[in-house]
1. In the P(r) worked out for the range 318-363, what percent of Cα pairs fall beyond 15 Å?
2. Just need the Rg to Rh number for the range 31-109, please, alpha carbons only, Kirkwood Rh.
3. In angstroms, what radius of gyration and Dmax does the range 59-172 have, counting Cα atoms only?
4. Within the range 328-380, which trypsin sites (Lys or Arg not before Pro) sit in a loop by DSSP and count at most 13 neighbouring Cβ atoms inside 10 Å?
5. Counting only Cα atoms, I'd like the Rg/Rh figure for the range 268-410, Kirkwood definition for Rh.
6. Loop-only trypsin sites (Lys or Arg not before Pro) in the range 213-265, please: DSSP not H, G, I, E or B, and at most 10 other Cβ atoms within 10 Å.
7. Need the list of lysines near K339 for cross-linking: C-alpha distance under 30 angstrom, and skip anything on the same chain fewer than eight residues off.
8. Whole-Hz Karplus ³J(HN,Hα) for the range 217-225, in order, using 6.51 cos²θ - 1.76 cosθ + 1.60 and θ = phi - 60°, x for Gly and Pro?
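Every read-out reported here was derived from the displayed coordinates using simple, explicitly stated rules and does not represent laboratory data. Predicted model, so just to flag it, every value in this text is computed and none were measured. Methodologically, a virtual Cβ is constructed for each residue, glycine included, from the backbone with ideal geometry; neighbour enumeration extends over all protein chains shown.
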Amino acid sequence: MPSTFDAFRHKSFRLLWPANFFSYISRWMQMTLLSWLVLELTDSPFFVALVGFFGMAPLLLFGAIGGVLADRLNKRNLMLTSQTINLLASVGMIALLLSGRAEFWHAYVLVFITGLGWAFDMPSRRSILPDLVGQTGLTNAMALDSVGMHSSRMLGPTIAGALIALVGVTGGFFVVAGCMVVAIGFMAVVNMPPRRTLVAASANIFKNMAEGFSYVRGNRVILATVIITVFMNLLLFPYMQMVPVISKHTLGVGPELMGLLMGADGFGAIIGSMTIASVGGMKYHGRVYLYGSLAGLIMCFAFAVSQNFAASLVMLILLGLGTAGFGTMQATIIVLSAKEEMRGRALGVISLAIGAGPIGALIIGAIADITSPATAIMILTTIGFVTVGLVGIAMPQLRGQIVKSEPEPPDTARVAVQNAD
């Protein structure tokens, strides 16, 4: 097996990867379907932006709690529970669409419920990787998982756009539900190795959260990663909410080409993630994270300037190439830098930082209503480039070599992982 795919030598990772992939793709398809539904029902950029707001708000409200639960509970069972809730919510939306009673605010309810599931299982989804592949294979496993995430970001909107044109939003949701069922099936058969570190079951959950915040504040590398995550989710990624509006009103294309635009950055991110997975012995994870973030902001600004569909498509592919460094290294830096017993809580703080996304969705929607979607993107990405750049300058530790928080687990623990597979 080529070294690019080293993590697939572990049976549990071979099961986890498709579970994550189908979970990711169902989320991106759902976001695209709901954004188009709200646009058709309201024709309002602000109301479309609210889809992103309600989808990400649970991360802001409950992301830190999800991190604590990842340290306290069985990660696989936590993910199974959240995915089952998401499936039931999607089935409820299908019922509303079939009955003809669906209104635009139903989209907000559905996306909030699924966002709640993501808030609780996102820290588990990443902190489970070192349990399955060990510290040495972590960067490769993170990169391969990012390949799945970015593939879904490319395929999800593209498939959703085609489904809207062929069978409508209702037919699209049947496919979403099917993807969730497949994800649950794979997750159910993932074998978890015995845990080496546990948080006391009697510990106060709010005390655990406070410990997580204190730990992040005291680690400059993790703190810089969290701050950049806030700025990126506040100032860059809300651009996705404007793609349907720009597609329809600026570029003059229908749902099929809109889906291609929404998935274009995912294509670029796949290339970037595969490149990272192929690099052995990476030392400067923070540089990839920082410079990839800055490149993504530049390309997003260029997309907003473009008036041509082909040029816009190219800019979004390049945007994805840059943000592959951001997305892959974000969790990798946390897991490498944090102590094992603090990983879930540190990732919970990252989930909280990702929760800046809904605030960004509100901001970009409000500015777009006053000016235009393109102007809103240009304003936010300019501010983002300046702020992210300043963090990189003010916290040079991020640009240094990432030192592992602890040595590779002993051979006996590694054998236990292999036997669990």
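1. Roughly 56 percent, rounded to a whole number.
2. With Rh from the inverse mean 1/r over Cα pairs, Rg/Rh is 1.06.
3. Spelled out, the Cα radius of gyration and Dmax of the range 59-172 are 16.8, 53 Å.
4. K339
5. When Rh is taken as the Kirkwood radius, the ratio is 1.02.
6. When the trypsin sites (Lys or Arg not before Pro) of the range 213-265 are filtered for loop state and at most 10 Cβ neighbours within 10 Å, nothing remains.
7. List returned: K11, K75, K207, K283, K404.
8. The phi angles translate into 4, x, 10, 5, 5, 5, 4, 4, 4 Hz.
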